[in-house]
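**Student:** Structure in structure tokens, see below.
Quick note: the coordinates plus some simple rules give every number you see, no bench work behind them. Owing to the predicted nature of the structure, the values given are computational and were not obtained by experimental measurement. Methodologically, a virtual Cβ is constructed for each residue, glycine included, from the backbone with ideal geometry; neighbour enumeration extends over all protein chains shown.
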Amino acid sequence: MSHRSRSPARLLVALLLVCLAFDLIVLGWGETPSAIARRLFSGTWGTPYGIGQVLFKATSIAIAAVAARIALRAGLFNIGVDGSIAVAAIAVGAVGAKLPPDVSPLVAWPLLAIVGFVAGGLWAMPAAVLRARFGAHEVISGIMLNKIASSFVGYLLVRGLAEEASVHTRALPRGALLTRLDHLGAMFHGLRGSAVNVALLVAAVVVLAWSFVARRSIFGRELAAVGASPSVAEASGLPIARHIILALGLSGAVAGLTALNDVMGYKGYAEEGLSAGVGFTGLAAALLAGESTIGLFAAALLFATLSQGGLSINARIPMDVVDVIVALLILLVSSGEGLSRALLGPPAPAAKGPTSPR
Amino acid sequence: MSRLFTLAFLAQSLRIGLPYLAAAMGGIWSERAGVVNVALEGTMLVGALGAVIGTTTSGSPWIGLLCALVAGVVLQLVHGLAVLRGHANAIVSGIAINLLAAGGTRFLLRSFYDSASNSPSIPSLVRRSSDASGSALLASTLLDPSTWLVVTCIAVTVFAFSRTRFGLRVLAVGESPAAAENAGVSIDRTRLGAVVCAGLCAGMAGAWLAFDQHQFSSGMSGGRGFIALAAVIAGGWRPGRAAFACLVFGAAEAAQILFQDQHWVPHHLVQMLPYVVTLIALAGVIGRSRPPAALGRN
């Protein structure tokens, strides 16, 4: 499958083409590409605050990307990550607000992480079961569950979860908030004002842990077998339905961990639309990164940069240009192999062969 | 409950079902040829914006309709080429196309109308009466040319698959590409043709939305492309049954609108109705509906 294998050369060509497209769009809008690019850079990597914001956004994107990648390993597209994220956020907000005011972080952090994990995983269950038992397409059921999730969250907030006269849950006690990086020491003082917090470390651990599980564990290999060919995997005795449910469930559960970053690390409460769209960006990052671990970190940073940078260029050119660029990049990377073959003739025999997953 | 059995409700269900009908026919064209098409959502979106830009710049909604169809075809061709020539995974391509459409239409909305949310208002193909009674709504829906364009989409699709050489070729490359190729049918060209038909139908669906709401608003397709695709699957990839599923989804959405101002049921829960119905339909039909044999294998 083409979304698993990546060649650095093709990736580079795709990036160059996308930069060209960006230039053309900017010129078409009537701005100079270099000025917009400079603005994009200075709003992100140009200041300590910008770097902090990029890292903050990359945290959620990386976690969501791992969630997407878990499902992708089994050949499934978990579009429902956004729904899991929304429901996990409200669950963490609701449980967190009920904790005693003097709760210790040693209790609150793991407890709320488990709440987010379980809530996200539970929300993925309908799509998982529909896929495993009835063969219902997970992309369509994922979209439907995302829509249902946003109504559900709205319903819960209106029916008592929201603080009086507001649209968000009551504030989490101090002990349930994740430490901002700028509070960790003089080294990080420059990040002040940005929302980057220790959830960044959680994201890094999640990425590395899944890479290890995917490659080294029997479970990871079995998922890959299911993803490569369900019929072959079934013939060799793997319980396909169970693996599909596990893959989508674990995917949703990991997605729920984004609540650590957005609810416990940033807002301190849950509200409707918090971290909306992060799941989709995570899926895009996972598609771009293929199977590579470094690629996943790079893709998360790239999309976080574009998302934060979009805000700083929005005054000059609509930030939606970023979505266009990301879409073109995914299109080019996913169809690059076939297109280059169609345009440049067949590749050297050595480059040929099955592109089956490792 | 009695309000469900009125002429107004029937008219409303039909009206809401129309864009689903058109988009579902698009889905059938593409998927019967073997090309998985989650890009219907984005195609509806560019169709809707195409209709608005065409109408505001030319002054004629008919030109707007034409622009919608062209925009739909172009976007579907990108999808078709990425999948057929680029050998991209069809779902990856569809996801990227939907993102392209969502970002691209918002970008164009700002370049044309300097607005982040919606376009100025446009006239529809014919002026609709403001009478809100059930019979007037039904009559105006039935007299609207865009209704008949959707009906034409369905009729042409049904006719093409049963009577025309092209339609039979589409079915052949979707069921048994190898056999079709042996019989001298070009697989890629036939599939591209089917994808063009998908673009026409889904573009039409988008134009319908724009003319119905007299404007374009950001993200206005609102998941309808996916619901139409669910109708295709629930209908076993057959035009008649898919059309029936679309009307059921239309009725679910009409019921949602009806219940929205009722106080005995929370409106957040009512909002979920069309999506829950879609989920149930997806789960309920499986095992009884068989996808085209070569769907997704290219």
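**Student:** Given A:103, A:13, A:26, A:18, which one is assigned to a loop (DSSP other than H, G, I, E, B), β-branched (Val, Ile, Thr) and surrounded by fewer than 22 Cβ atoms within 10 Å (Cβ to Cβ)? Talk me through it step by step, then tell me what you get.
**Tutor:** On the way: A:13 fails: assigned to a loop (DSSP other than H, G, I, E, B); A:26 fails: assigned to a loop (DSSP other than H, G, I, E, B); A:18 fails: assigned to a loop (DSSP other than H, G, I, E, B).
None of the others qualify; the one that does is A:103.
**Student:** In addition: Just one of A:94, A:67, A:113, A:108 is within 28 Å of residue A:206 (Cα to Cα) and crowded, with 24+ Cβ neighbours inside 10 Å; which is it?
**Tutor:** A:67
**Student:** What tally of residues in the stretch B:31-71 results from selecting those that are in contact (Cβ under 8 Å) with a residue 40 or more places away in the chain and outside any helix (DSSP H, G or I)? Let's see the steps before the verdict.
**Tutor:** As a first pass, look at the stretch B:31-71 and keep what is in contact (Cβ under 8 Å) with a residue 40 or more places away in the chain: B:31-53, B:55-56, B:61-62, B:64-65, B:68-71.
Add one more test, that the residue is outside any helix (DSSP H, G or I), and what stays is B:33-39.
Total meeting the criteria: 7.
**Student:** Here is a follow-up. Tell me which residues, restricted to the stretch A:214-245, are buried (at least 17 other Cβ atoms within 10 Å of the Cβ) and without any contact (Cβ under 8 Å) to a residue 40 or more places away in the chain.
**Tutor:** Selection gives A:222, A:225, A:233.
**Student:** State which residue is farthest from the other protein chains (Cβ to nearest Cβ) when the search covers only the stretch B:77-92 and only residues that are in contact (Cβ under 8 Å) with a residue 40 or more places away in the chain and assigned to a helix (DSSP H, G or I).
**Tutor:** So the residue we want is B:77.
**Student:** Another question about this same structure. Before we move on, is residue A:88 surrounded by fewer than 24 Cβ atoms within 10 Å (Cβ to Cβ), out of contact with any strand residue (DSSP E or B) (no Cβ under 8 Å at 6 or more places or on another chain) and small (Gly, Ala, Ser)?
**Tutor:** No, not satisfied.
**Student:** Could you give every pair whose Cβ atoms fall below 8 Å, whose first residue belongs to the stretch B:93-104 and is within 19 Å of residue A:318 (Cβ to Cβ) and more than 7 Å from chain A (Cβ to nearest Cβ), and whose second residue is buried (at least 24 other Cβ atoms within 10 Å of the Cβ) and charged (D, E, K, R), counting only separations of at least 6 or pairs across chains?
**Tutor:** From the stretch B:93-104, the pairs are B:98/B:41; B:101/B:41.
**Student:** Now, a different point. Residue A:148 - would you say it is farther than 23 Å from residue A:66 by Cβ, within 14 Å of chain B (Cβ to nearest Cβ), touching a residue at least 40 places away in the same chain (Cβ under 8 Å) and surrounded by 21 or more Cβ atoms within 10 Å (Cβ to Cβ)? Step through it out loud before you land on a result.
**Tutor:** Working: farther than 23 Å from residue A:66 by Cβ: yes; within 14 Å of chain B (Cβ to nearest Cβ): yes; touching a residue at least 40 places away in the same chain (Cβ under 8 Å): yes; surrounded by 21 or more Cβ atoms within 10 Å (Cβ to Cβ): yes.
Yes; evaluated as a whole, the condition is true for this residue.
**Student:** Of the conditions (1) of a type in the set (Gly, Ala, Ser); (2) surrounded by 15 or more Cβ atoms within 10 Å (Cβ to Cβ); (3) within 14 Å of another protein chain (Cβ to nearest Cβ), residue B:116 fails just one. Which one is it?
**Tutor:** (2)
**Student:** Residue B:111: among the hydroxyl-bearing types (Ser, Thr, Tyr), in a helix (DSSP H, G or I) and either more than 14 Å from chain A (Cβ to nearest Cβ) or touching a Ser or Thr at 6+ places or on another chain (Cβ under 6 Å) (or both), yes or no?
**Tutor:** No: the conditions fail for residue B:111.
**Student:** Related question: State whether the residues of the stretch A:183-192 include one that is touching a residue at least 60 places away in the same chain (Cβ under 8 Å), in contact with a strand residue (DSSP E or B) (Cβ under 7 Å, 6 or more places away or on another chain) and farther than 16 Å from residue A:107 by Cα.
**Tutor:** Checking the stretch A:183-192: not a single residue is touching a residue at least 60 places away in the same chain (Cβ under 8 Å), in contact with a strand residue (DSSP E or B) (Cβ under 7 Å, 6 or more places away or on another chain) and farther than 16 Å from residue A:107 by Cα.
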